[in-house]
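To keep things clear, I will list the structure first and then write my remarks on it.
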Amino acid sequence: MKRIIVWLGIICVIAAVGAGLWYVTHPKPEVKEHRLVVRETAREIAYLPHYIAAARGYFRDAHLDVTLGTATKGILTAEEVAQADIILTPFDRVLGSNWLAIAGLTATEPGLLLAREKKTPFAWTDLSGKTVVGEHPEGTGEVAMEQILQSYELIPQWQYVSIQHLPTHLRLGTYLSGTGEYIILTDPEASRMEKTGKGYIAADLTAAGPMPARVAAVPSAKATRNREALIRYTAAVAQAQAWIAEHSEEEVAVVASGSFPWVDYHTMVEMVSRAKETKLWAANPVIEPVSFDHFQELMIRAGELPQKILYTKAVASDPAERALKELADQKKK
């Protein structure tokens with residue numbers, strides 16, 4: 001009996017050593033690295049979740065090789081779009097296209113209304129009889145402003161004028177040349193104008209209500225083909241959104257400064273603080289149907305959308321939903 005026990009012990013030791021040797025000589029297969037080409041319409045504070053994900057190494061940890069390029073004139077060219085796996089863009093440019101939004105970056109409109117002359121306190125009725133250098137008619141900032149002004153019974157092109165025909169890259173030059181009393185801009189351009197005394201931030205446009213104004217989108221053909229890479233991307237964005245929410249304006253400004261090297265630290269803190277106060281960034285990348293429907297209603301009221309588009313025709317929610325589930329599972333371990 002003793003011999004049997006001894007031999008069983010020896011066998012167990014040999015088995016354990018063998019298992020250990022097998023584990024050492026057969027390491028876990030390496031996770032495949034995916035390369036993603038991302039293009040953004042402009043360098044905006046609204047796209048900060050992407051910048052933070054890159055700066056804090058969330059993309060790297062997810063085995064993603066992400067390269068980012070910025071449009072020179074606020075509009076991505078056909079060539080840039082064709083080369084991109086993902087675009088960071090205003091949501092209005094996704095509706096009715098062959099692109100699908102996979103991640104909501106903002107929960108509200110990032111546009112700010114700047115006035116040529118500083119007036120305190122500001123009232124939306126101040127725009128009566130005035131001219132605004134606006135966005136194109138279906139722009140998120142334009143429809144948001146129109147919604148707010150309609151609540152004050154100010155009808156566009158009647159009680160006030162909004163210039164909507166200008167190419168994106170000519171809007172600021174038009175305002176600086178003396179046209180209009182107001183202009184819609186986003187940070188950091190809005191803050192730069194205020195710092196140089198060429199405009200004053202009069203109001204934000206969040207009163208228009210919740211909307212996924214800035215999104216990460218993919219070609220519909222790639223939504224399924226690149227599924228694993230897109231789940232990893234949205235997971236990294238979700239981590240960045242959580243990190244932004246959990247840290248102070250000063251801490252966020254330090255990490256974000258690498259994406260805005262021309263913006264001084266104090267201005268960076270002001271921009272982040274303003275964005276946090278207005279709850280600009282989405283809590284997570286899932287685009288909620290309620291927010292999506294509200295944005296469509298604004299577009300319809302503005303006469304820029306004939307009828308509502310099905311949620312699934314504009315949004316691919318699977319990557320973001322899967323990403324949140326995987327992140328939650330990791331926390332449980």
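Among the residues of region 145-174, write down those that are of a type in the set (D, E, K, R) and either surrounded by 17 or more Cβ atoms within 10 Å (Cβ to Cβ) or within 28 Å of the chain's Cα centre (by Cα) (or both). Glu146, Arg171 - these are the residues of region 145-174 that are of a type in the set (D, E, K, R) and either surrounded by 17 or more Cβ atoms within 10 Å (Cβ to Cβ) or within 28 Å of the chain's Cα centre (by Cα) (or both). Note on region 127-153: residues that are of a type in the set (S, T, N, Q), free of Cβ contacts under 8 Å to residues at least 60 places away in the same chain and not in a loop (DSSP other than H, G, I, E, B) amount to 1. With the structure loaded, tell me whether Arg214 is basic (Lys, Arg) and without any contact (Cβ under 8 Å) to a residue 60 or more places away in the chain or whether it fails that test. No.
Among the residues of region 104-144, the ones that are in contact with a His (Cβ under 9 Å, 6 or more places away or on another chain) and crowded, with 24+ Cβ neighbours inside 10 Å come to 2 in all. Inspection of region 29-41 identifies no residue that is among the polar types (S, T, N, Q) and surrounded by fewer than 20 Cβ atoms within 10 Å (Cβ to Cβ). Part of a helix (DSSP H, G or I), in the same structural domain as Gly104 (by TED's automatic domain parsing) and in contact with a Lys or Arg (Cβ under 8 Å, 6 or more places away or on another chain): does that describe Val237? Answer is no for this residue. Among the candidates Ala253, Ala238, Ala245, Ala283, the residue that is over 25 Å from Gly134 (Cβ atoms) and touching a Pro at 6+ places or on another chain (Cβ under 7 Å) is uniquely Ala238. Within region 175-215, the set of residues being surrounded by 24 or more Cβ atoms within 10 Å (Cβ to Cβ) and touching a His at 6+ places or on another chain (Cβ under 7 Å) comprises Met211 only.
Here is a yes/no grid of residues against (1) among the charged types (D, E, K, R); (2) under 29 Å from Gln164 (Cα atoms); (3) assigned by TED's automatic domain parsing to the domain that holds Ala240; (4) without any contact (Cβ under 8 Å) to a residue 40 or more places away in the chain:
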site: Thr278; (1), (2), (3), (4): no, yes, yes, no
site: Ala282; (1), (2), (3), (4): no, yes, yes, no
site: Pro289; (1), (2), (3), (4): no, yes, yes, yes
site: Leu298; (1), (2), (3), (4): no, yes, yes, no
site: Glu304; (1), (2), (3), (4): yes, yes, yes, no
site: Ile309; (1), (2), (3), (4): no, yes, yes, no
site: Val315; (1), (2), (3), (4): no, yes, yes, no
site: Leu327; (1), (2), (3), (4): no, no, yes, no
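For region 297-315, a tally of residues being among the small types (Gly, Ala, Ser) and exposed (fewer than 14 other Cβ atoms within 10 Å of the Cβ) returns 1.
The values are calculated or read from the model by the stated rules, or taken from the named source; none is laboratory data. Note that this is a predicted model, so its numbers are computed, not measured. Neighbour counts run over all protein chains shown; Cβ positions are idealised from the backbone, glycine included.
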